[in-house]
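The values are calculated or read from the model by the stated rules, or taken from the named source; none is laboratory data. Just so we're clear, the structure is a prediction, and the values are computed from it rather than from any experiment. Neighbour counts run over all protein chains shown; Cβ positions are idealised from the backbone, glycine included.
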Amino acid sequence: MPRLHASAGFGALLALLLIIGFGAWRYDGFISEYNILTVLRYNSMFALVGLGMCFVIMTGGIDLSVGSVAALSSVVAAYLSPYGLIPGLLGGLAAGVAAGTINGFIISKMKILPFIATLATMLAASGVALLLSNQQSVPASYDTNFMALGQGDFALYAPDWVNGEDAGFFGAVIRIFLGFPIPAWIALFAYLLGSLILNRTAFGRHVLAVGGGEEASRLMGLPTDRTIFLVYVMSGLLAGMAGVILAAQFGAGQPIEGIGWELFAIASVVVGGTLLTGGKGSVGATLVGTLLLGILFTVLNFENGMGWISLSAYWQSVLRGGFLFVVVILQSRLTRSTAAA
Amino acid sequence: MSSTTQNAPSPVPGSVGSPPRGGIASLLSRRHIGTIAALIALLIFNFIFTPHFATMQTLSVNLTQVCVIVIVGVGMTMVIATGGIDLSVGSIMAIAGAFAPQIFQGMLFPVPNLYVGIALAIVMSITIAGFFGLFNGWLVSSFRVQPIIATLILYIAGRGIAQVWTNGDLQVFKVPEFQQIAIGRVFGVPFQVWIMLALVLIAAWALQRTVFGRQVLAVGGNEQAARLAGIPVRRVKRLVYVISGVCSGIAGLIVIAMNSAADANLIGMGIELDVIAAVAVGGTLLSGGRATIIGTLLGALIIQLVRYTLLANGVPDAAALVVKAGLIVLAVWLQRQDRA
Amino acid sequence: MATQDMAVAEPFLSMQGINKSFGNIPALIGASLEVREGEVMALIGQNGAGKSTMIKVLNGFSRKDAGTITVNGAPWAATSPEMAQRGGISTIFQEINLIPFRSVTENIYLGREIKTRFGLLDLKAMQAGARALLAEFDIDVDVRRPLGEFSTAIQQMVAIARAVSFEARLVIMDEPTSSLDDTEVGVLFETIRRLKAKRVAVVFVSHKLDELYAVCDRVTVMRDGRTVAVSTMAEMTKLQLVATMLGRDLAEVRRAGATAFTEGSRAIGEELLSVRDLGVGRRVRDASLSVRRGEIVGLAGLLGAGRTETARAIFGADPHEKGSIRFQGKETDFAAPADAIQAGIGFCSEDRKHEGIIPGMSVRENLTLALLPALSRAGIVDEGRQREIVLRFIKEIGIKCSSPEQKIRELSGGNQQKVLLARWLCMNPKLLILDEPTRGIDVGAKAEIQRLIRKLADDGLGVLMISSEIEEIVEGSDRVFVLRDGKMTAEFDGEAITEPAVMDAMAHAHGEVA
């Protein structure tokens, strides 16, 4: 099965490789350790949010609240960070799950369109975040190891020789591996788990079934309401995790961060080839989509850095929109040609 | 069910039920009763508890707050009536708002005098906004891209275009002649309120009484059936997005006229949410097929009044967000109960 | 597992005194249904008689207001189709059943997946199971492919296989044969017999009387929310069945005949439509036909023969790749239905719900949907004229509605169809294409619609009628074209139109092309 819609994700993967290739060819330091780790660290938040969005979209829904839920979680986590890593982490996750539960309840029990339900939660979460934080960023504690969630890695555990001059390629691989930021590990783990859940559990199949035909699924006796409820809880949980990382990475809870994250996440999912109407999708392709949009951003930064044709920051959104445009047109062509066949 | 009014021509023999009524009164239907009741309850609450509520000042403040939302809401209601959505409204506002001052200040091309400049600025900015709406409509109708994604493109890129165009700079101007469109007063009511009312009435009438209006609702009600009944579905869809673009353009002009400055970074930022909220609270079916422009006006008024009530009674703005969220869910939920 | 020595007199399923209302409208009034083990029970009645509600109450989709249900002597209280399924009662619904995007395997195993020790899905075991299950039904397909890639018939068989595989003690089939061809119906009946042999009970809902006699043991007839007759099939003639369903006198039914079509006036005029060598996608490869003014032309063929596709191409709803269409002597190529309508063609789709009605709109608006541009000046609808036309048609063709403002979704299938016919009639069309004009419509309304079609043709309208009901084609048509596998294979005229001849042309060489 994965082979089938991999074809849509394949285009995204190809584009990702092309962009990386282009960056490597054009810019010094693009393939540097520093750059790779920065890209991974920063995009892990978006990847997590994108994963949740992917599941939601596969049921045919949408979750507009992810950005402000992440902001709320970052505030909660920052408040709890003085008590240690675990309280901060759990607090942030709990905030996310709470928001996700509300979404799930409104959508699956009150039968309100996901679009409007999560729009409301978006407003509410952002309101609560602003109230809690008194409209200011909330500094996270440096005294506990909370910050490791955003900035840490396992480089400490690297054997001495890999840091030496003659570490060679193999040494460099180990070094990067251990220097892999913790948020990236979290994201990677989440994606592996997500892929397993989607492809190898009954719940995963039900997610796709509900997206492919909700009424039919109900008549087949699937627990449709529970499935829908759970994807929103899951999306909330992942947004909460992203919020925790946000607080740890920037050293503060950010009540006004997260604006537009939902649209970025939707774009990643779409670029990855997941059908917005639900029923078809791939977790891996969503990761590719996130990285593609994230690296595009990095490439633009490098282009600016070269100062060659100084691209103002504003061009970024124009180019991103243009990129989405191209993907959308290609996808529409692709789906129509397969539908016709 | 059976009620007739004097406006209606004498019923044809054998007719049963209520024939559609003519006149503006008919634009208000019984499904607005709940919304109006909520509005009146809010007003009464405020008259009793909110100090200085019954003043022209308060009325003006509240009306100007909803003006822009309602004007954009007119287009949004039409789009939603076809089963679509337009996320790009704020960005299109920014584009129109960024272009207009450059035109009437003669920065793009020489203008013979200020009034010609203003006229050109208004016409051209709104036209440009309409073309961006056409782009949305083209994606939705010709490529069958889902509206939320199709308009996401301009949501992201549109503001960028406005920012690139102005280099992200704040354009301050002092042109009272232009600013009349927002702050000038007719019978003591700001001119923008008149614009809003005019647009609302025209659109509400058009939705009910014109072929185009009925076709919009038919497309939203069942697109396949509409096509097989000979309705030019693509054209209808393109047109609603153009209308949405035009309304956004007008709203963009009003915003810069109010601020006597154009800031591409801020014009219309996040307005799509307020507008969609107003449409939802007003009773338009978000899945398409049933729409009420008057409802959108009422919805915007309710949301604004709730916010005002909370602020005037010392509740922080952030808490008002939470209340607004509850309001949206409540409104849509009630709508569902109504249908069931 | 039920034991063989269970008392025969005790029915497996017993529903007694079931009441159910939707709002103020009663759908079931003290209805009853009893099914014994290993018995095939036909459940029949006109639209709105309460069959569907009865089924929904049984499988937990709807909640009953009053009454008792026992299964195997124990009280039955399924609150969802899922619970019913686990309790041994599976339902195959008429329309929405499965999920086209997902694979055949998934569609069979959804809801009770086979898992490995670690709680993960055992894909291999499920695929093997799906293959084995379908082999029982003589279906050999790649079970890993999305279901949507297969024909409607295969999809339907997968749905049945799924229900059967649930270790069901009672299988409810709601019009299972409506999208199957003869061979497939044969396979289905064989399956039903196998179920019987396993002592599984079957409730079989169908409008096709021949099928009931072929496969059912007993019949329960419902009318207006009540159970009006229970009998063995052998003790009831077709005519008695119809009479009981309609609640009418036998003699009256006999007079009406099998369909309400009468001989046409045969005042047939010049050629209206002429289609030559039409090709549309894979479904239509070489279709030719013609329609003259004042005649009903039947378009017959098995499911998937390309009838609907041909009709849609003529109407401009889908593009055609080859061939020519001449309308009123002029070569035409309608780019969209709007152009065809402009030229004087109307088209009633077979799928009323999805391609016909606008459910949230009133009868008035649905009726005048296509006429709107003509009803307006400068884009503004002339509501006086609109109302006048609507009232005229409501009266003329007897649309039963509380008022022109009633929402069309609240009307019965037959009355919805009349509104859709009126949508075209008010345009004064020259040619009307009717795709399954009486499908899913109760017997009474069906006769009215058939009479109306005849009258329209006699008044000079050209009608192209697609129907899966052979007697409708044979009795109703002045000429018949037969499509087989996308090719026009036969044309019959006048006396040559007989059931055996048409069926032979439809069925001949079936299976030649896979």
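Of the conditions (1) within 30 Å of C:V57 (Cα to Cα); (2) modelled with pLDDT under 85; (3) among the hydroxyl-bearing types (S, T, Y), C:Y109 clears all except one; give me its number.
Answer for C:Y109: the failing condition is (2).
Report yes if A:P114 is within 14 Å of chain B (Cβ to nearest Cβ) and either surrounded by fewer than 22 Cβ atoms within 10 Å (Cβ to Cβ) or closer than 25 Å to A:V56 by Cβ (or both), otherwise no.
Judged against the criteria, A:P114 is a match.
Given A:A95, A:A99, A:A120, A:A78, which one is closer than 28 Å to B:T284 by Cβ, more than 10 Å from chain B (Cβ to nearest Cβ) and under 22 Å from the mean Cα position of the chain (by Cα)?
When all the criteria are applied, what remains is A:A99.
Taking the stated definitions as given, is B:I161 surrounded by 20 or more Cβ atoms within 10 Å (Cβ to Cβ) and without any contact (Cβ under 8 Å) to a residue 40 or more places away in the chain?
It is false that B:I161 is surrounded by 20 or more Cβ atoms within 10 Å (Cβ to Cβ) and without any contact (Cβ under 8 Å) to a residue 40 or more places away in the chain.
Would you confirm whether any residue within region A:176-184 is within 14 Å of another protein chain (Cβ to nearest Cβ) and within 21 Å of the chain's Cα centre (by Cα)?
Taking every residue of region A:176-184 in turn, none turns out to be within 14 Å of another protein chain (Cβ to nearest Cβ) and within 21 Å of the chain's Cα centre (by Cα).
Please determine whether any residue of region C:168-191 is out of contact with any Phe, Trp or Tyr (no Cβ under 8 Å at 6 or more places or on another chain) and of a type in the set (K, R).
no
Using the structure shown, decide if C:R102 is at pLDDT 85 or above, facing chain A (nearest Cβ under 7 Å) and within 18 Å of C:F166 (Cβ to Cβ).
So C:R102 passes the test.
Return the residue satisfying two criteria in turn: it lies in region B:175-232 and is modelled with pLDDT under 85 and in contact with a strand residue (DSSP E or B) (Cβ under 9 Å, 6 or more places away or on another chain), and of such residues it is nearest to the other protein chains (Cβ to nearest Cβ).
By that ranking, first place goes to B:A182.
Out of the residues in region A:320-330 that are more than 20 Å from the chain's Cα centre (by Cα) and more than 8 Å from chain B (Cβ to nearest Cβ), which is modelled with the lowest pLDDT?
Restricting to residues being more than 20 Å from the chain's Cα centre (by Cα) and more than 8 Å from chain B (Cβ to nearest Cβ), the top hit is A:L330.
Starting from residues that are modelled with pLDDT under 85 and outside any helix (DSSP H, G or I), keep the ones in region C:404-427 and report whichever is surrounded by the most Cβ atoms within 10 Å (Cβ to Cβ).
Only one residue fits best here, namely C:L411.
State whether one or more residues within region C:376-394 are in contact with a helix residue (DSSP H, G or I) (Cβ under 8 Å, 6 or more places away or on another chain), crowded, with 22+ Cβ neighbours inside 10 Å, assigned to a loop (DSSP other than H, G, I, E, B) and touching a residue at least 24 places away in the same chain (Cβ under 8 Å).
Scanning region C:376-394 turns up no residue that is in contact with a helix residue (DSSP H, G or I) (Cβ under 8 Å, 6 or more places away or on another chain), crowded, with 22+ Cβ neighbours inside 10 Å, assigned to a loop (DSSP other than H, G, I, E, B) and touching a residue at least 24 places away in the same chain (Cβ under 8 Å).
Would you be able to tell me the number of residues in region B:174-219 that are in a loop (DSSP other than H, G, I, E, B) and out of contact with any Phe, Trp or Tyr (no Cβ under 6 Å at 6 or more places or on another chain)?
Residues in region B:174-219 being in a loop (DSSP other than H, G, I, E, B) and out of contact with any Phe, Trp or Tyr (no Cβ under 6 Å at 6 or more places or on another chain): 4 in total.
Which residue pairs have Cβ atoms closer than 7 Å, lie 6 or more positions apart in sequence or on different chains, and pair a first residue in region C:460-486 that is assigned by TED's automatic domain parsing to the domain that holds C:G301 and at positive phi with a second residue that is modelled with pLDDT under 85 and in a loop (DSSP other than H, G, I, E, B)?
Sorted first by the residue in region C:460-486, then by its partner, the pairs are C:G460/C:G269; C:D485/C:A305; C:D485/C:V513; C:G486/C:R283; C:G486/C:A305; C:G486/C:G306.
Quick one: which of A:V231, A:V173 is touching a helix residue (DSSP H, G or I) at 6+ places or on another chain (Cβ under 7 Å) and not polar (S, T, N, Q)?
Step by step, each of A:V231, A:V173 is checked, and only A:V231 is touching a helix residue (DSSP H, G or I) at 6+ places or on another chain (Cβ under 7 Å) and not polar (S, T, N, Q).
Could you tell me whether region C:363-373 includes any residue that is farther than 17 Å from C:K430 by Cα, in the same structural domain as C:R282 (by TED's automatic domain parsing), at pLDDT 85 or above and surrounded by fewer than 21 Cβ atoms within 10 Å (Cβ to Cβ)?
no
Take the conditions within 13 Å of another protein chain (Cβ to nearest Cβ), touching a Leu at 6+ places or on another chain (Cβ under 8 Å) and among the polar types (S, T, N, Q) and apply them to A:Q254. Does it pass?
It is false that A:Q254 is within 13 Å of another protein chain (Cβ to nearest Cβ), touching a Leu at 6+ places or on another chain (Cβ under 8 Å) and among the polar types (S, T, N, Q).
If we scan region A:287-309, do we find a residue that is within 14 Å of another protein chain (Cβ to nearest Cβ) and not in a helix (DSSP H, G or I)?
yes
Among the residues that make up region C:82-91, is at least one of them facing chain A (nearest Cβ under 8 Å), touching a residue at least 40 places away in the same chain (Cβ under 8 Å) and in contact with a Pro (Cβ under 8 Å, 6 or more places away or on another chain)?
Yes: region C:82-91 contains one or more residues that are facing chain A (nearest Cβ under 8 Å), touching a residue at least 40 places away in the same chain (Cβ under 8 Å) and in contact with a Pro (Cβ under 8 Å, 6 or more places away or on another chain).
Residues checked against (1) surrounded by fewer than 19 Cβ atoms within 10 Å (Cβ to Cβ); (2) not in a strand (DSSP E or B):
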| position | (1), (2) |
| --- | --- |
| C:D286 | yes, no |
| C:G294 | no, yes |
| C:A305 | no, yes |
| C:D318 | yes, yes |
| C:R326 | yes, no |
| C:F334 | no, yes |
| C:F347 | no, no |
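Suppose we keep only residues that are part of a helix (DSSP H, G or I) and β-branched (V, I, T) within region C:143-154. Which one would you say is modelled with the highest pLDDT?
Residue satisfying both the conditions and the ranking: C:I154.
Mind checking which residues of region C:385-401 are within 23 Å of C:A447 (Cβ to Cβ) and facing chain B (nearest Cβ under 9 Å)?
Across region C:385-401, the qualifying residues are C:R392, C:I394, C:K395, C:C401.
Considering region B:155-167 alone, what residues qualify as being among the hydrophobic types (A, V, I, L, M, F, W, C) and at the interface with chain A (Cβ under 7 Å from one of its Cβ atoms)?
B:I156, B:A157, B:I161, B:V164
Given the residues B:A291, B:A277, B:A320, which is the only one that is within 10 Å of another protein chain (Cβ to nearest Cβ) and in contact (Cβ under 8 Å) with a residue 40 or more places away in the chain?
Within the list B:A291, B:A277, B:A320, the selection yields B:A277.
Can you tell me which residue is nearest to the chain's Cα centre (by Cα) among those in region A:275-313 that are at pLDDT 80 or above and among the polar types (S, T, N, Q)?
A:T290
Does region A:259-278 include one or more residues that are in contact with a Phe, Trp or Tyr (Cβ under 7 Å, 6 or more places away or on another chain), within 14 Å of chain C (Cβ to nearest Cβ) and in a loop (DSSP other than H, G, I, E, B)?
Checked against the condition, which is being in contact with a Phe, Trp or Tyr (Cβ under 7 Å, 6 or more places away or on another chain), within 14 Å of chain C (Cβ to nearest Cβ) and in a loop (DSSP other than H, G, I, E, B), region A:259-278 yields no hits at all.
Scan region A:260-271 and give yes if some residue there is in contact with a helix residue (DSSP H, G or I) (Cβ under 6 Å, 6 or more places away or on another chain), surrounded by fewer than 24 Cβ atoms within 10 Å (Cβ to Cβ) and either among the acidic types (D, E) or without any contact (Cβ under 8 Å) to a residue 12 or more places away in the chain (or both), otherwise no.
Scanning region A:260-271, I find at least one residue that is in contact with a helix residue (DSSP H, G or I) (Cβ under 6 Å, 6 or more places away or on another chain), surrounded by fewer than 24 Cβ atoms within 10 Å (Cβ to Cβ) and either among the acidic types (D, E) or without any contact (Cβ under 8 Å) to a residue 12 or more places away in the chain (or both), so the answer is yes.
Condition check ((1) in contact with a Pro (Cβ under 8 Å, 6 or more places away or on another chain); (2) outside any strand (DSSP E or B); (3) buried (at least 18 other Cβ atoms within 10 Å of the Cβ)) across all residues:
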site: C:F118; (1), (2), (3): no, yes, no
site: C:A125; (1), (2), (3): no, yes, no
site: C:A128; (1), (2), (3): no, yes, no
site: C:V141; (1), (2), (3): no, yes, no
site: C:Q156; (1), (2), (3): yes, yes, yes
site: C:I172; (1), (2), (3): no, no, yes
site: C:E184; (1), (2), (3): no, yes, yes
